[in-house]
Amino acid sequence: MTPTVIFLIGPTASGKSAASLALAQHWPVEIIAMDSATIYRGMDIGTAKPDATEQARVPHHLLDILDPAQSYDVASFVQDSLALINDIRQRGRLAVICGGTMMYYHALTRGLSPLPRSCPQMRAELEAEAAQYGWPALHQMLAQHDPQAAQRIAPNDSQRIQRALEVFRLTGTPLSILQKQPRQKLFHDPYLTLSLEPARRQLLHPRIAKRFHQMIEQGLIDEVRQLHARDDLHIDLPAIRCVGYRQIWRYLDGALDRTTAIVQGIHATEQLAKRQTTWLRSFDERQVIDCLQPDAPAQVIDKVRTQLGKRI
């Protein structure tokens with residue numbers, strides 16, 4: 001079947017955005033960002049968000065939809081993406097879903113676990129408890145209710161501890177049990193998945209380091225400083241936990257010197273690429289393109305052309 005949706009996935013710094021813009025030169029596409037960081041307003045440099053010129057050239061969706069104080073979950077991404085895919089199709093255009101948040105890709109293509117939606121009131125209660133007792137104490141609490149989840153979640157991983165406790169308190173059932181139940185799949189369109197990956201993950205490290213230094217030169221520290229100045233933002237929020245932002249935030253707190261913050265930011269980005277690569281290997285349907293080859297965007301175009309021809 002002719003795919004009606006194109007996925008461009010891959011680890012960070014693999015050139016996904018450039019490939020998606022290259023596709024727009026050949027087909028009438030609209031891009032849906034599959035990224036848990038570019039959803040936030042005021043976080044442009046550190047997320048490598050498409051600039052104003054690129055966004056004007058090609059319609060982009062799910063960028064700048066939330067304030068950094070807000071949270072966004074997998075179910076929201078699936079719901080938003082399904083609505084956007086339908087709208088894009090009705091406009092006679094091709095939906096290109098581009099990004100590296102593999103959990104979003106997994107949920108959209110494999111289905112959602114039967115988990116409750118996020119509850120702002122419950123999250124606020126858990127944050128208040130964490131402020132009083134600390135996240136390690138809440139991790140111990142989680143271990144009492146859901147030892148399987150606690151075993152795979154680090155004691156300081158506030159985002160995942162909060163979600164696991166939230167699910168248990170809302171349902172009375174451990175997260176680890178709910179995740180084993182049959183998934184509900186809502187996305188049934190034929191699709192093509194192209195994955196931009198290096199032949200070996202370590203080969204991406206020089207590009208990651210170069211891009212991070214470029215972000216510093218472009219003003220990443222000042223960008224984080226504007227967020228740091230806000231009274232309603234703190235380091236445990238999902239937005240501030242994004243790679244790069246967390247390390248620069250700690251520098252602004254005085255916990256790290258500038259050089260150390262940059263080194264740790266680069267290392268955190270490399271670790272993100274490692275986690276993304278692990279996810280990628282589980283997606284057998286992906287067609288791999290070596291992202292370090294200079295003609296990688298051209299290879300993307302050729303593969304899409306083979307599947308689509310001149311059709312949408």
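Pairing each residue of the range 211-240 that is over 26 Å from Asp73 (Cα atoms) with any residue that is loosely packed, with under 14 Cβ neighbours inside 10 Å and of a type in the set (Lys, Arg), provided the two are 6+ apart or on different chains, yields C-beta distances under 8 Å for Ile221/Arg258. In the range 70-88, which residues are crowded, with 16+ Cβ neighbours inside 10 Å and modelled with pLDDT of 95 or more? Within the range 70-88, Phe77, Val78, Asp80, Ser81, Leu84, Ile85, Ile88 meet the criteria. Being outside any loop (DSSP other than H, G, I, E, B), closer than 20 Å to Thr38 by Cα and more than 22 Å from the chain's Cα centre (by Cα) holds for only one residue in Asp232, Asp222, and it is Asp222.
Scanning for something under 30 Å from Asp284 (Cβ atoms), among the small types (Gly, Ala, Ser) and in the same structural domain as Gly10 (by TED's automatic domain parsing), does the range 152-162 turn up at least one residue? No, the range 152-162 has no match at all. The combined condition, being surrounded by fewer than 16 Cβ atoms within 10 Å (Cβ to Cβ), assigned by TED's automatic domain parsing to the domain that holds Leu84 and either more than 20 Å from Ser76 (Cα to Cα) or in contact with a Phe, Trp or Tyr (Cβ under 7 Å, 6 or more places away or on another chain) (or both), is fulfilled by Pro190. When Val29, Val5 are checked against the criterion of being β-branched (Val, Ile, Thr) and in contact with a Phe, Trp or Tyr (Cβ under 7 Å, 6 or more places away or on another chain), a single residue qualifies: Val5.
Filtering Asp222, Asp157, Asp146 for residues that are loosely packed, with under 14 Cβ neighbours inside 10 Å, of a type in the set (Asp, Glu) and farther than 30 Å from Asp302 by Cβ leaves a single hit, Asp222.
Any residue in the range 163-180 that is in contact (Cβ under 8 Å) with a residue 12 or more places away in the chain, in contact with a Lys or Arg (Cβ under 9 Å, 6 or more places away or on another chain) and in a loop (DSSP other than H, G, I, E, B)? Within the range 163-180, none of the residues are in contact (Cβ under 8 Å) with a residue 12 or more places away in the chain, in contact with a Lys or Arg (Cβ under 9 Å, 6 or more places away or on another chain) and in a loop (DSSP other than H, G, I, E, B).
Against the criterion of being more than 18 Å from the chain's Cα centre (by Cα), in a helix (DSSP H, G or I) and in the same structural domain as Asp222 (by TED's automatic domain parsing), Asp80 does not qualify.
Report, by residue number, each residue of the range 14-45 that is assigned to a loop (DSSP other than H, G, I, E, B) and within 13 Å of the chain's Cα centre (by Cα). Within the range 14-45, Met34, Asp35, Ser36, Ala37, Thr38, Ile39 meet the criteria.
Does Gln264 qualify as being among the polar types (S, T, N, Q), outside any loop (DSSP other than H, G, I, E, B) and out of contact with any helix residue (DSSP H, G or I) (no Cβ under 7 Å at 6 or more places or on another chain)? When the stated conditions are applied, Gln264 does not pass them. No other residue among Gln132, Gln121, Gln159 is modelled with pLDDT under 95 and within 22 Å of the chain's Cα centre (by Cα) apart from Gln159. Which of the residues belonging to the range 18-49 are buried (at least 20 other Cβ atoms within 10 Å of the Cβ) and modelled with pLDDT under 95? Result: no residue meets the conditions. Exactly one residue among Phe187, Phe212 is part of a helix (DSSP H, G or I) and either under 19 Å from the mean Cα position of the chain (by Cα) or hydrophobic (A, V, I, L, M, F, W, C) (or both), and that residue is Phe212. Of all the residues in the range 89-108, those that are crowded, with 19+ Cβ neighbours inside 10 Å and either in a helix (DSSP H, G or I) or not assigned by TED's automatic domain parsing to the domain that holds His61 (or both) number 5.
The values are calculated or read from the model by the stated rules, or taken from the named source; none is laboratory data. Just so we're clear, the structure is a prediction, and the values are computed from it rather than from any experiment. We place every Cβ from the backbone using ideal geometry, glycine too, and count neighbours over all the protein chains shown.
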